[in-house]
Amino acid sequence: MSVFDVKIGFFKLLLISLSATVFIHYTDIIGIPWILDFLKEDERQAYIWLMTFRGGYIFLLIFALTKINLHKMTTSSFIKRLLYNALICLVAFGICVLISIIFFSNASHFGSKLLFQFLLVCILSALMGHIYRLYSLQLKKDQEIEHLKIENLQSRCDALANQINPHFFFNSLNGLTALIRKHNDDKTLEYVNKLSDVFRYILQSDKKGLVTLEEELNFVQSFRYMMEVRFASKLTFDIAVDPAILNCKLPVLSILPLIDNVVVHNIIDSEHKMTVAIRQNEKKELVVSNPVYPKLSPPETNGTGLRNLKNRFQLLMNKPIRIENNGDMFSVYLPLM
């Protein structure tokens, strides 16, 4: 990408050139009425034409130099840019004097004042081009930094999301193994179909950062079947979410590690039936909660699931999740966007 991909338009160039011309030609413009009072009748018209010619000539020179400096010259050296402009202005000055002598033979003031005006044209054009290039380079650098930030963010999120897949895969195979041992072909087939839907969602998650709550809950509906089959209806789900918030967004696969945690950390049997509740609260948070039935021996886990979830919310939404555990109920509060 060139630093000059975003160019100043034609009309903006005209406006810049006109403003610079008025600035440089200002003393001549305001002095016209005073000078005309001292000129003879036949000299006045020639003087007006001379001032008009000079103003138009300087305008065209500024327009051409500004366009060259902004869109053509790529040097970062102000001295080189200034010398290049000085060369053009010197040639333009000679042509201007020559035309003035030929067509305005009775006119004066071809010396220091006109030379000073061309010097201003040279300096202003070079300065505008140099400042614009510095701005363009800074803009390009900022865009590259932002692009690198996004790439780094995406890489970190992909790495976090990829940690979920192996953990989930082995848990799912345990459920499938249990069904196969029971020789329940219908449930096994349905389980495989749901497993296919769930894995499709997980495999596509690396292309997503944030998803709608509706997408995430649709995934949970497929996943809940697998869990309810695996635990013979000892694990159930109670989902009650206002349809008005279904378009709110959260990181993809936010609910899966919470459900996995329920299974890993709790006893789930006939005496300890588990219900996972998914609701929203008045703070526009999604609340995933479950009763606590701690296992007799601590599970073999390194806490990756919740730590992963915290990091993804911080990276993608710059918002923290909240965790509450009063010994009877374990709740996780997920902010929505």
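Using the structure shown, decide if Phe313 is in contact with a Lys or Arg (Cβ under 9 Å, 6 or more places away or on another chain), in the same structural domain as Gly209 (by TED's automatic domain parsing) and not in a loop (DSSP other than H, G, I, E, B). Lay out the reasoning, then the answer.
Numbers: in contact with a Lys or Arg (Cβ under 9 Å, 6 or more places away or on another chain): yes; in the same structural domain as Gly209 (by TED's automatic domain parsing): yes; not in a loop (DSSP other than H, G, I, E, B): yes.
Considered against the rule, which asks whether it is in contact with a Lys or Arg (Cβ under 9 Å, 6 or more places away or on another chain), in the same structural domain as Gly209 (by TED's automatic domain parsing) and not in a loop (DSSP other than H, G, I, E, B), Phe313 comes out as yes.
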| request: Sort through Asp269, Asp260 and tell me the only one that's closer than 22 Å to Gln314 by Cα, in the same structural domain as Asp328 (by TED's automatic domain parsing) and not aromatic (Phe, Trp, Tyr). | output: Asp260
| task | Within the range 182-213, work out how many residues are under 25 Å from the mean Cα position of the chain (by Cα) and either charged (D, E, K, R) or over 21 Å from Asn311 (Cα atoms) (or both). | result | 3
| request: All but one of (1) surrounded by 15 or more Cβ atoms within 10 Å (Cβ to Cβ); (2) of a type in the set (Asp, Glu); (3) farther than 28 Å from Lys208 by Cβ hold for Glu285, so report the exception by its number. | output: (3)
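Quick one: is Ser254 surrounded by fewer than 19 Cβ atoms within 10 Å (Cβ to Cβ) and assigned by TED's automatic domain parsing to the domain that holds Thr188?
Details: surrounded by fewer than 19 Cβ atoms within 10 Å (Cβ to Cβ): no; assigned by TED's automatic domain parsing to the domain that holds Thr188: yes.
No; evaluated as a whole, the condition is false for this residue.
Looking at Leu250, Leu256 in this structure, which one is within 28 Å of Leu210 (Cβ to Cβ) and modelled with pLDDT of 90 or more? Before the answer, list the steps.
Working: Leu256 fails: modelled with pLDDT of 90 or more.
Every option except Leu250 fails the conditions.
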| task | Kindly establish whether Val198 is of a type in the set (A, V, I, L, M), surrounded by fewer than 16 Cβ atoms within 10 Å (Cβ to Cβ) and free of Cβ contacts under 8 Å to residues at least 40 places away in the same chain. | result | no
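Has the range 249-260 got any residue that is more than 39 Å from the chain's Cα centre (by Cα) and among the basic types (Lys, Arg)? Working first, answer last.
First, pick out the residues of the range 249-260 that are more than 39 Å from the chain's Cα centre (by Cα): none.
Scanning the range 249-260, I find no residue that is more than 39 Å from the chain's Cα centre (by Cα) and among the basic types (Lys, Arg), so the answer is no.
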| remark: Matching residues in the range 176-219 (part of a helix (DSSP H, G or I), out of contact with any Leu (no Cβ under 8 Å at 6 or more places or on another chain) and within 28 Å of Asp269 (Cβ to Cβ)) number 15
| query | Which one of the conditions (1) in contact (Cβ under 8 Å) with a residue 12 or more places away in the chain; (2) out of contact with any Ser or Thr (no Cβ under 7 Å at 6 or more places or on another chain) does Thr66 fail to meet, given that it meets all the rest? | reply | (2)
| First in the range 238-258 and over 13 Å from Val220 (Cα atoms), second anywhere and crowded, with 22+ Cβ neighbours inside 10 Å and among the charged types (D, E, K, R), Cβ under 7 Å, 6 or more apart | Leu250/Glu216; Pro251/Arg312
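Quick check: is even one residue across the range 106-116 under 30 Å from Gly9 (Cα atoms), part of a helix (DSSP H, G or I) and either in contact (Cβ under 8 Å) with a residue 40 or more places away in the chain or over 51 Å from the mean Cα position of the chain (by Cα) (or both)?
Taking every residue of the range 106-116 in turn, at least one turns out to be under 30 Å from Gly9 (Cα atoms), part of a helix (DSSP H, G or I) and either in contact (Cβ under 8 Å) with a residue 40 or more places away in the chain or over 51 Å from the mean Cα position of the chain (by Cα) (or both).
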| request: Working only within the range 292-316, note down all residues that are more than 18 Å from Cys248 (Cβ to Cβ) and in contact with a strand residue (DSSP E or B) (Cβ under 6 Å, 6 or more places away or on another chain). | output: Val292, Tyr293
| message | Tally up the residues in the range 303-327 that are surrounded by fewer than 18 Cβ atoms within 10 Å (Cβ to Cβ) and among the aliphatic types (A, V, I, L, M), please. | response | 3
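Can you tell me which residues in the range 181-211 are small (Gly, Ala, Ser) and closer than 23 Å to Leu286 by Cα? Give the steps one after another, and end with the answer.
Narrowing the range 181-211 to residues small (Gly, Ala, Ser): 196, 205, 209.
Hits for the range 181-211 are Ser205, Gly209.
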| task | Could you grab me the full set of residues in the range 261-282 that are loosely packed, with under 14 Cβ neighbours inside 10 Å, in contact (Cβ under 8 Å) with a residue 24 or more places away in the chain and under 42 Å from the mean Cα position of the chain (by Cα)? | result | Thr275, Asn281
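Among Leu176, Leu210, which is surrounded by 14 or more Cβ atoms within 10 Å (Cβ to Cβ), among the aliphatic types (A, V, I, L, M) and not assigned by TED's automatic domain parsing to the domain that holds Asp238? So that I can check it myself, show each step before the final result.
Working: Leu210 fails: not assigned by TED's automatic domain parsing to the domain that holds Asp238.
When all the criteria are applied, what remains is Leu176.
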| Could we say that Lys208 is closer than 21 Å to Lys319 by Cα and at pLDDT below 85 here? | yes
| note | Note on Phe103: of the conditions (1) surrounded by 16 or more Cβ atoms within 10 Å (Cβ to Cβ); (2) closer than 25 Å to Met51 by Cα, unmet is (1)
| Can Ser254 be described as within 21 Å of Leu334 (Cα to Cα) and among the hydroxyl-bearing types (Ser, Thr, Tyr)? | yes
| Residues being more than 19 Å from Cys248 (Cα to Cα) and hydroxyl-bearing (Ser, Thr, Tyr) - total across the range 190-216 | 2
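The values are calculated or read from the model by the stated rules, or taken from the named source; none is laboratory data. All figures in this text were calculated on a predicted structure; none of them were measured in a lab. Ideal geometry is used to build each Cβ from the backbone, glycine not excepted, and the neighbour counts take in all protein chains shown.
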